[in-house]
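The values are calculated or read from the model by the stated rules, or taken from the named source; none is laboratory data. This is a predicted model, so every value here is computed, not measured. Calculation scope for accessible area: heavy atoms of the full protein, side chains included, ligands and nucleic acids excluded. Shrake-Rupley method; radii C 1.70, N 1.55, O 1.52, S 1.80 Å.
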Amino acid sequence: VAAQITHEQVAACVARRPDKYIGFAGIDPNSQRPLASLGVAQGIGLRGAVMSPAAGDFHPADTRAMAVYEKCQALGLPVIIHSGHRLSPDARLEFAQPAIFDEVARTFPNLRLLLLGFCAAWRDPLLALLDKHEHVFADVSDVVGHSWLLYQTLVSAHQWNVMSKLLLGTVFPMTAPQQAITNIYSVQGLTLGT
């Protein structure tokens, strides 16, 4: 079931703290007029799009989704993809795999694409995607609450030389931001004495 949060509700929230918040529009390529929805969102000050192919039941390179990416690239709007493994039982997990976003990144090389939910199961394909494409980024929200997975992910990202493409993210309230920061700063402690 899709969230029923309007662009206007997001813009109203941002207006309360414009120094702190940046609004993104939830875009469903399966809706009747996704490009018009994106235009409305930009018109009221939202500064990017959020999509979830897995939850929305569309392949990331579906023709309708590609039209949204094309419009976002033309407008200079970043796209956030919820790609983590914390999805509902009805979600299509195969549409969350990072390797299938390669076609999107190849087709739209100037599109800034952020994959949320750095799923440990797909760490290596995601790191390869980050290494391959200049404007593809990821966050560590799905591993930041799991010390060993976080350690493995950060070491692998360092070895791939893509640390600068990782953003801090949490799955609040399961992992609070302060706890995530503490976990990152203390991750080296896992290997002390080994």
Restrict the check to the stretch 47-60 and report whether at least one residue is open to solvent by less than 70 Å² (accessible area, probe 1.4 Å), outside any helix (DSSP H, G or I) and either under 20 Å from residue 152 (Cα atoms) or among the hydroxyl-bearing types (Ser, Thr, Tyr) (or both). yes
Filter result for residue 73 (under 15 Å from the mean Cα position of the chain (by Cα) and open to solvent by 30 Å² or more (accessible area, probe 1.4 Å)): no
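Residue by residue, here is whether (1) of a type outside the set (Gly, Ala, Ser); (2) in a helix (DSSP H, G or I); (3) on the phi < 0 side of the Ramachandran plot holds:
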residue: 80; (1), (2), (3): yes, no, yes
residue: 126; (1), (2), (3): yes, yes, yes
residue: 131; (1), (2), (3): yes, yes, yes
residue: 153; (1), (2), (3): yes, yes, yes
residue: 156; (1), (2), (3): no, yes, yes
residue: 170; (1), (2), (3): yes, no, yes
residue: 181; (1), (2), (3): yes, yes, yes
residue: 188; (1), (2), (3): yes, yes, yes
If we keep just the residues of the stretch 133-144 that are among the aliphatic types (A, V, I, L, M) and either open to solvent by 10 Å² or more (accessible area, probe 1.4 Å) or part of a loop (DSSP other than H, G, I, E, B) (or both), which is nearest to residue 176 (Cα to Cα)? 144
Look at the stretch 23-46 and say how many of its residues are assigned to a helix (DSSP H, G or I), open to solvent by 10 Å² or more (accessible area, probe 1.4 Å) and not hydroxyl-bearing (Ser, Thr, Tyr). 7
